[in-house]
Amino acid sequence: MEDSSDDAVTTERLVRPGADDVERAAEAALRPRRFDEFVGQRVVRDQLSLVLEAAVQRGRAPDHVLLSGPPGLGKTTLAMIIAAELGAPLRVTSGPAIQHAGDLAAVLSSLEEGEVLFLDEIHRLARPAAELLYVAMEDFRVDVIVGKGAGASAIPLALPPFTVVGATTRAGLLPAPLRDRFGFTGHLDFYAIDELERVLVRSAGLLGVELKADAGYEIASRSRGTPRIANRLLRRVRDWAQVRGDGRLDLAAANAALTVYEVDALGLDRLDRSVLVALCTRFGGGPVGLTTLAVAVGEEPETVETVAEPFLVREGLIGRTARGRVAMPTAWEHLGLTPPPLSGTLVF
Ligand SMILES: Nc1ncnc2c1ncn2[C@@H]1O[C@H](COP(=O)(O)OP(=O)(O)O)[C@@H](O)[C@H]1O
Ligand SMILES: [Mg+2]
């Protein structure tokens, strides 16, 4: 399969931070394998590499590691790097994939010594599985239940030392006892533009295309601080350069491609912009309730709240107040509109 595997066809938003199955294949090719290829996140990287190096020197499995942060920032990548740096086998599963505590017991009881168990979306583990997990993490033991009902008994099974790497976008949802079993927690933050530029240079190299510096900057600044989005936009610009341009990824190609895909200078797409436009032009900058705003753009309130708003709020374009959503001065500016004199404070 060609690695550009046209994800724009299979999904609706070019700037969404999550990935689908088709995109995962394209991503795998661009994934850093070792710490020295992993761009940015210096604090987490330094701390984590110390933890791992110390463990390797002692010849022991390191503490369990929890990685938290928004989608697309490198949690899965880091989990794989951890296993690679330890020279340890890696087992991959996720909270939603584990239906019953028994499924987890089966995984745990088949782990090899020193193995890294990557549990993605660990906040979605059902409670019985989470309880089984934290006993296993602390005592390296799992109770295997034999039989049913009154005759059932628990046979404790000792596990070899292993390391859990948990990833979550919602660390706050983890039950406290589970969170406490992680000896190291790393929080990933959005990337700066120059860091994304480095991600793009590296990716362009792997894709075998030449990326001009100004094009790299342009793509990076529209990528919402997220390497996954940066790599995706890069693939779209490459497509454009190949089909409509002369194959070179220069500023003109970047601008033209991102115009075709309606990703604007801040990385806003059509939905984001229609929310902003409605807020500013139909509601005078707000405050306006979420439901009213959603009706105005023809979307479900939930879509507006979970898909468009987080980035708009993070960029300081809109604010959430007790009386509803308000447009911030930067929103007017971004749309090229003049705010009314009392924008944001009008009540109607
Ligand atoms: N620090 C980084 N340096 C280079 N590429 C990165 C970095 N972080 C993420 N990526 C790229 O972004 C993509 C998404 O990263 P991933 O680890 O899957 O994110 P998450 O698991 O947090 O959603 C990966 O394919 C990888 O190529
Ligand atoms: Mg992931």
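Data overview
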{"quantity": "Some residue of segment 43-56 being modelled with pLDDT of 85 or more and of a type in the set (Ser, Thr, Tyr)", "calculated": "yes"}
{"quantity": "Odd one out for Glu112 among (1) surrounded by fewer than 19 Cβ atoms within 10 Å (Cβ to Cβ); (2) under 27 Å from Val199 (Cβ atoms)", "calculated": "(2)"}
{"quantity": "Test: residue in segment 119-126 that is surrounded by fewer than 15 Cβ atoms within 10 Å (Cβ to Cβ), touching a residue at least 12 places away in the same chain (Cβ under 8 Å) and more than 30 Å from Glu37 (Cα to Cα)", "calculated": "no"}
{"quantity": "Only listed residue being in contact (Cβ under 8 Å) with a residue 12 or more places away in the chain, among the aliphatic types (A, V, I, L, M) and more than 8 Å from ligand 1 (Cβ to nearest atom), chosen from Ala54, Ala61", "calculated": "Ala61"}
{"quantity": "Selection status of Leu132, crowded, with 16+ Cβ neighbours inside 10 Å, among the hydrophobic types (A, V, I, L, M, F, W, C) and over 26 Å from Ala230 (Cα atoms)", "calculated": "yes"}
{"quantity": "Residues of segment 55-68 classified as closer than 24 Å to Ala126 by Cα and more than 10 Å from ligand 2 (Cβ to nearest atom), total", "calculated": "5"}
{"quantity": "Selection from segment 186-224 of residues that are within 16 Å of ligand 2 (Cβ to nearest atom), part of a loop (DSSP other than H, G, I, E, B) and not charged (D, E, K, R)", "calculated": "Leu188, Phe190, Tyr191"}
{"quantity": "Residue, modelled with the highest pLDDT, within segment 314-323, restricted to residues that are surrounded by fewer than 19 Cβ atoms within 10 Å (Cβ to Cβ) and either of a type in the set (Val, Ile, Thr) or farther than 21 Å from Pro71 by Cα (or both)", "calculated": "Gly319"}
{"quantity": "Which listed residue, of Thr93, Thr76, is within 29 Å of Leu200 (Cβ to Cβ), within 16 Å of ligand 2 (Cβ to nearest atom) and β-branched (Val, Ile, Thr)", "calculated": "Thr76"}
{"quantity": "Residues of segment 245-295 classified as in contact with a Leu (Cβ under 9 Å, 6 or more places away or on another chain) and under 18 Å from Ile229 (Cβ atoms), total", "calculated": "15"}
{"quantity": "Among residues of segment 81-114, those that are in a loop (DSSP other than H, G, I, E, B), under 24 Å from the mean Cα position of the chain (by Cα) and either among the hydroxyl-bearing types (Ser, Thr, Tyr) or closer than 21 Å to Thr168 by Cα (or both), counted", "calculated": "5"}
{"quantity": "In segment 74-106, the residues that are under 14 Å from His123 (Cα atoms) and more than 16 Å from ligand 1 (Cβ to nearest atom)", "calculated": "Ile98, Gln99"}
{"quantity": "Exclusive hit being under 30 Å from Asp46 (Cα atoms), exposed (fewer than 15 other Cβ atoms within 10 Å of the Cβ) and in contact (Cβ under 8 Å) with a residue 24 or more places away in the chain, set Leu178, Leu173, Leu157", "calculated": "Leu173"}
{"quantity": "Of residues in segment 166-185 being in contact with a helix residue (DSSP H, G or I) (Cβ under 6 Å, 6 or more places away or on another chain), assigned to a strand (DSSP E or B) and away from ligand 1 (no atom under 11 Å from the Cβ), the one nearest to Pro62 (Cα to Cα)", "calculated": "Phe184"}
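The rows are residues; the columns are (1) assigned by TED's automatic domain parsing to the domain that holds His123; (2) of a type in the set (A, V, I, L, M).
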| site | (1), (2) |
| --- | --- |
| Pro177 | yes, no |
| Phe182 | yes, no |
| Val201 | no, yes |
| Leu211 | no, yes |
| Thr226 | no, no |
| Arg232 | no, no |
| Ala241 | no, yes |
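The values are calculated or read from the model by the stated rules, or taken from the named source; none is laboratory data. The model shown is predicted, which means the values in this text are computed figures rather than measured ones. Note: ideal-geometry Cβ built from the backbone for every residue, glycine included; neighbour counts use all protein chains shown.
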